[in-house]
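Visitor: One structure is given below, represented as structure tokens, and several questions about it will come after.
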Amino acid sequence: MKPDPADGKQGITALFSPTESNRFNKRVVRFTITSSGIGRLKKLIELHYPDLAIVRFPSHRVDLVNALYRSFPEVIFGDCLVEYRIDLEQISVPRNQERFDLGVLEAEETHIDALDHIVMYSFSDYKNHYSRNPRLKGFDLIPAYQEWVRSSVTSPDKTCHLFFYDEILCGFFAAEKAGTVYRGLLSGVIPEYRRNGVFRGIIHTVKTIFQMDGATEIVTNVLLENGPVHKVLLYEGFVISNSFLTMHLNLRTSHTLPPSRRWGKMFKSITSTPRRPRPRSRFTDLPVNTTRAV
Ligand SMILES: CC(C)(COP(=O)(O)OP(=O)(O)OC[C@H]1O[C@@H](n2cnc3c(N)ncnc32)[C@H](O)[C@@H]1OP(=O)(O)O)[C@@H](O)C(=O)NCCC(=O)NCCS
């Protein structure tokens, strides 16, 4: 991604994303907001003229969520990411490591086919912000993730480790190195080996491997709803350092497109007679909620 000359100075960065633009055949620009307001974002959107703006900002900026919905016609709530960190200088390299019965190997180019395979099985049901945007319907996340993990083997500032249980490849952890800070990019365990402590073993092992490689800190992001990963990271001594919301703005979309399914359903419900008339409240004439409030 090419940096914008005004990067960061106004509490916002705008980066053209060539990978995502090729992937979706749209001009995709990523905006990361730290302290800026909606006015500055609007100006940058006019300047960069994207088809799709992917906007990420700290989750405490709820004001921006509301402002985005007010300001743009097609806004999609994508996901919520939680960022974790661990300061490796504050922990000692364990001498008698707890055994996890996992074999580990740093991936090389000869492992690319095996990696493609493991990424495909690990992420078969996975959903992120792309899958929530109806304009990107039909997009297959797997090839994109395979390409991303392959780059962790071929690029010098990235690394990828493979994990084996009884000599069977069952998990991986890909990371990027920025000086002594290592950032977890993508990791997974194939479904047959889940709920056996494999991921806990992976995190425990990468802490040691990265520490011995000179890392002082590991940073990684996880989707809010990914409970098992939160459990493992907290158990292994990581702490929450931030959280982010990802929103999509579908811009320059054709007005001739048919109404979305949501509108279709709404029109149908307005025009058709209900199958079973709902009971009405004596006082308000509103439909009565028959389920117990919790
Ligand atoms: C998330 C994932 C890595 C977990 O791997 P795993 O090897 O099953 O994890 P573990 O066995 O170490 O389990 C960790 C904890 O979460 C719990 N857990 C795991 N899967 C669970 C599930 N589906 N529901 C509830 N709890 C679950 C385990 O019981 C364990 O808790 P415990 O320590 O109290 O026993 C794996 O499910 C996966 O690859 N998912 C898809 C890709 C992904 O989400 N990658 C990570 C983010 S990039």
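Visitor: Hey, could you pull the Cα Rg and Dmax for the range 12-141, both in Å?
Guide: 19.9, 58
Visitor: Place a point 7 Å from Cα of N221 in the direction of its Cβ. Which residues in the range 19-35 have their backbone N less than 16 Å from it?
Guide: Of the residues in the range 19-35, 19-21, 29-35 have backbone N under 16 Å from the label point off N221.
Visitor: Over its Cα atoms, what ratio of radius of gyration to 2.2 N^0.38 Å does the range 85-240 give?
Guide: That works out to 1.03 for the range 85-240.
Visitor: In whole Å and largest first, what semi-axes does the C-alpha gyration tensor of the range 2-72 yield when each eigenvalue is scaled by 5 and square-rooted?
Guide: The answer is 20, 14, 11 Å, longest axis first.
Visitor: So if we plug the beta-carbon distance of T154 and R70 into 1/(1 + (r/R0)^6) with R0 = 35 Å, what FRET efficiency do we get, rounded to 0.05?
Guide: Efficiency, rounded to the nearest 0.05: 0.20.
Visitor: Let me ask something additional. Can you give the local net charge around E225? Use residues other than it whose beta-carbon is closer than 11 angstrom to its beta-carbon, Lys and Arg +1, Asp and Glu -1.
Guide: Net charge around E225: 0.
Visitor: Can I ask one more? How much length would be gained if the chain were fully extended between F139 and T208, taking 0.36 nm per residue of separation minus their Cα-Cα distance, in nm to one decimal?
Guide: Going from the current span to full extension adds 21.2 nm.
No lab work stands behind these numbers, since they all come straight from the coordinates. Model, not experiment: these values are computed from the prediction. Don't worry about glycine lacking a Cβ; one is built from the backbone with ideal geometry, like all the others, and counts go over all protein chains shown.
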